[in-house]
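Novice: Input: one structure, supplied below.
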Amino acid sequence: MSTGTRTPDDQADGFGGVDGVDRMVRSRWFTNTMVAVIMVNAAILGVATYENAALPYLVIAERFIIAVFVVEMVLKLYAWRGSFFRDGWNWFDLSVVIVSLIPASGPFAVLRVLRVLRILRIITAVPQMRQVVSALFKSVPGMGTVIGLMLVTVYTFAILSQQLFGETVPEFFGDLGTTLYTLFMVMTTEDWPDVSDAVLEHHPMAWIFFVVYMVVTAYIVLNLVIGVIVASMEREVNDDRWKEDQRMEEELHQAVMGRLAELNAQVEHLTRIVQEQGGGPGGDAQPGSGHGGPGGPGGPGGGPSDGDGDRTGGAAEEPEREPRNEAHDRGRGSDTGAGVDGGGDSEDEDLDAGSEPMEPVGPRSQSRSRPGTGTESEGTGS
């Protein structure tokens, strides 16, 4: 719990420590500010292409923007240290800033052309653009095979078309270089009717060549290239979502396991309490030991213990039935001899009424074990 007193480390973090700078360079407002600076730089580079009186002011504004970029790199290097160089986009930003610091004069005048690379920093500043470009680079291995297939196809058709149409239409199929350029235009469907019309004047059946070539290249191979790029982009997006799902699942798993540990501790605590009171499962206390557990005196279904540790609470129900049997026998003893049969009839009526039959105990149970056989000893005695 915070005491309201700031330690030196907390003050360093709050007033420009490593953690404070890291939070600042990762914040949304810092990113939006750098995006705005990049857009202003792009506008300045565009306006500078015109000869006007504002050119000196544009040069001053451009130097100020370069200073902002330098401060940004210094802050990121201070906050991220060695991890700064683990990201390729950081290398790109650092290279662009270093090139901007080189004087564009003398032998380095050609570097003025590279100033336009500062506009590309918008890619690193916007996460969505960075994701698209990253997916494009990751699709290069898979796209290389498809591009190789397309080059082989175009080269084969170039050799074939130069041999077929080189002599009659030399302006389009005079040599291999001219033929490759012509087939590239046909593949992109740019001005291909002019090429086909010039060839069809001399070769009426040449339409078969153009139809097959355009179907193979423009509609099959190019779509394969597009499909590889789209699949790579989808995989890039799914990887980010998968990482986020894994992180959320791990957090949920930790929360559930922590809750289960708490519940397990509570169950163990309650089990110990029940065992100490003598009524829990696995407890060492015996019934009748003075505790109020199940089966003991004062417990549910409990009765006087006879000292036998194996008797349970259910066995204590017999002593409760004995007084009822004795009262029943006394009632029978006060009846006349004819009352024996009447007692039997009343017992049958009790059984018919659905009352629970009581188990006779003592010697009388043997003389009444076979009702209706005429061996009632009580009637004879009377």
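The values are calculated or read from the model by the stated rules, or taken from the named source; none is laboratory data. This one's a predicted model, so the numbers in the text were calculated from it and none came from an experiment. Positions of Cβ are backbone-derived with ideal geometry, glycine not excepted, and every protein chain shown enters the neighbour counts. Ligands, DNA and RNA are stripped out before the accessible areas are found, and what is left, the full protein with its side chains, is counted by its heavy atoms. Shrake-Rupley method; radii C 1.70, N 1.55, O 1.52, S 1.80 Å.
Novice: From Glu51, Glu62, which residue is at pLDDT below 90, closer than 18 Å to Leu120 by Cα, of a type in the set (D, E, K, R) and more than 42 Å from the chain's Cα centre (by Cα)?
Specialist: Glu62
Novice: Follow-up. Within segment 234-271, track down each residue that is of a type in the set (Lys, Arg) and either modelled with pLDDT under 90 or surrounded by 11 or more Cβ atoms within 10 Å (Cβ to Cβ) (or both). Before you say what the answer is, go through the steps one by one.
Specialist: Going through segment 234-271, the residues of a type in the set (Lys, Arg) turn out to be 235, 241, 243, 247, 259.
If the condition is that a residue be of a type in the set (Lys, Arg) and either modelled with pLDDT under 90 or surrounded by 11 or more Cβ atoms within 10 Å (Cβ to Cβ) (or both), then Arg235, Arg241, Lys243, Arg247 are the ones that fit.
Novice: Is it true that some residue in segment 4-20 is closer than 22 Å to Ile123 by Cβ, modelled with pLDDT of 85 or more and open to solvent by less than 60 Å² (accessible area, probe 1.4 Å)? Write out each step before concluding.
Specialist: First pass over segment 4-20, keeping only residues closer than 22 Å to Ile123 by Cβ: none.
There is no residue in segment 4-20 that is closer than 22 Å to Ile123 by Cβ, modelled with pLDDT of 85 or more and open to solvent by less than 60 Å² (accessible area, probe 1.4 Å).
Novice: Next up: Restricting segment 60-76 to residues that are open to solvent by less than 60 Å² (accessible area, probe 1.4 Å) and aliphatic (A, V, I, L, M), which is farthest from Ala36 (Cα to Cα)? Even if it seems obvious, please write down each step before you answer.
Specialist: As a first pass, look at segment 60-76 and keep what is open to solvent by less than 60 Å² (accessible area, probe 1.4 Å): 61-62, 65-70, 72-73, 75-76.
Cutting the leftovers down to aliphatic (A, V, I, L, M) gives us 61, 65-68, 70, 73, 75.
Values: Ala61: 14, Ile65: 11, Ile66: 13, Ala67: 15, Val68: 12, Val70: 16, Met73: 16, Leu75: 18 Å.
Within segment 60-76, the match that is farthest from Ala36 (Cα to Cα) is Leu75.
Novice: Right, here's the next one. Provide a single number: the residues in segment 102-141 that are part of a helix (DSSP H, G or I) and free of Cβ contacts under 8 Å to residues at least 40 places away in the same chain. Even if it seems obvious, please write down each step before you answer.
Specialist: Let us first name the residues in segment 102-141 that are part of a helix (DSSP H, G or I), namely 106-125, 127-138, 140-141.
Adding the requirement that they be free of Cβ contacts under 8 Å to residues at least 40 places away in the same chain leaves 106-114, 117, 120, 123-124, 127-129, 133, 137, 140-141.
Count: 20.
Novice: Testing Ala109 on (1) open to solvent by less than 50 Å² (accessible area, probe 1.4 Å); (2) farther than 30 Å from Lys138 by Cβ; (3) at pLDDT 75 or above; (4) not β-branched (Val, Ile, Thr), one condition comes back false. Which one is that?
Specialist: All conditions are met except number (3).
Novice: Determine which member of the set Thr156, Thr124, Thr178 is of a type in the set (Ser, Thr, Tyr) and in contact with a Pro (Cβ under 9 Å, 6 or more places away or on another chain).
Specialist: On the way: Thr156 fails: in contact with a Pro (Cβ under 9 Å, 6 or more places away or on another chain); Thr124 fails: in contact with a Pro (Cβ under 9 Å, 6 or more places away or on another chain).
Residue meeting the stated conditions: Thr178.
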